[in-house]
Amino acid sequence: MNRDKVTVGQFSLLTLLVISGSKFLSLPSKLAETVGHDGWLVLVVAFLWDFVCLAFLAWAIKLNQQHHLPLDKILRTTLSPIVEKAVHVVFFVMFVCRSVVLLNSCYRMFAVTFDVSTNWVMFVLPIVAVAFFAIARGFNSIARMGQLMCAVIVLCIVALLSFTIRQTDFGGIFPIAEAGVSNIIKATFEHSYWFSDYVFVYYIFEHIQVKKRVFTPIFTSFAVGVVLTVAMNVIFVALFGSIAPEIKLAMSKISVFSVAEITNGRWDWLTLSVWIMSVLVKIVIFIYCAYKCGEKLFGLHFSKPNVWMILAIALLLMLPLFVPAENIAQDFMDKLLVPFALVQYLLPISLPLLMTLANKKLNTGVQK
């Protein structure tokens, strides 16, 4: 039995979860600091380009149903082993860095919103343990968990935003594009690190099973995630205006405005508790992908989870004990933004062509 088998529907729901599991915390304040109340336009531009890349990825998924080629074999066959290793290195650094940033946001949210104090080691290790269990059980266990949780998480997000709308003055988002089109596009590229959340597909690529449709479920889930994310950012800048750059945890502060009358009691803690699970799922997915990067980087395949590799990843996640997580993310964006942009945008667009070439070369080799 293939424990990493994933259907297109499961991949679509996980895409929706990871989109809503990262951009509701620290990103809105960073965009507000860069382009003011036009941060939501940065999201729109970035998501439009993500849509193009996702369309090519969906096409590649459909083409891959005959041979089920993994990404590393496609790159090694069509380009070179050096390019293949370089891609895995970039992805490994990206998955670790994004996991650190997400862990830091969750850590602060638990401390500030839920008043739960703990040290970094005891906060991270249980999540690493869950990721270790997911690696042992296969990616299908994560996919099934996403199926169970997705509807409830989306309903909680809709509930939070719906009740907040009543107290929002949308005049705060005008004039639109005040920051200037060039600045918005520049900010989109500078913050591209936060997008293309579907990159985990590269490490389950050969395991995706198509039953009927490919494009409809993927685009539907993506559209729902985009609408929720853009709506949250619009509400955020409309509510907080000029102080938005100082609000580091957007979702936890927005939830305050969704509290019902005091006689009904507070329920925002419940919706936040459910929603935060989407962030934890995303962290587990990224740790899983970092583990798979390590396997492919060293040309290994373990029948059982390798404790030493998990330990190495866990040690890397301890970096905030020595360097602030914000500095880690900033260093990544400053030094590796261009390499990541290449695999983030160029790789998915070229993947259908690379796959076609790989199939031809492999078929030619078999015939000989």
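Quick notes
- Checked against the criterion of being assigned to a helix (DSSP H, G or I), in contact (Cβ under 8 Å) with a residue 24 or more places away in the chain and either exposed (fewer than 15 other Cβ atoms within 10 Å of the Cβ) or basic (Lys, Arg) (or both), the candidates 335, 361, 304 yield just one match: 361.
- Restricting attention to the stretch 233-252, the residues that are crowded, with 23+ Cβ neighbours inside 10 Å and under 23 Å from residue 49 (Cβ atoms) total 4.
- Qualifying residue in the stretch 153-169 (condition: out of contact with any helix residue (DSSP H, G or I) (no Cβ under 8 Å at 6 or more places or on another chain), modelled with pLDDT under 90 and either within 30 Å of residue 345 (Cα to Cα) or not in a helix (DSSP H, G or I) (or both)): yes
- Test result for residue 292, crowded, with 16+ Cβ neighbours inside 10 Å, modelled with pLDDT of 90 or more, farther than 28 Å from residue 80 by Cα and within 17 Å of the chain's Cα centre (by Cα): no
- Residue in the stretch 313-325 that is surrounded by 13 or more Cβ atoms within 10 Å (Cβ to Cβ) and outside any helix (DSSP H, G or I) present: yes
- Scanning the stretch 58-70 for residues that are at negative phi and surrounded by fewer than 22 Cβ atoms within 10 Å (Cβ to Cβ) yields 59, 62, 63, 65, 66, 67, 69, 70.
The values are calculated or read from the model by the stated rules, or taken from the named source; none is laboratory data. Note that the structure is a prediction, hence the values are computed from the model and not measured. Here Cβ is always computed from backbone atoms with ideal geometry, including for glycine, and neighbour counts include all displayed protein chains.
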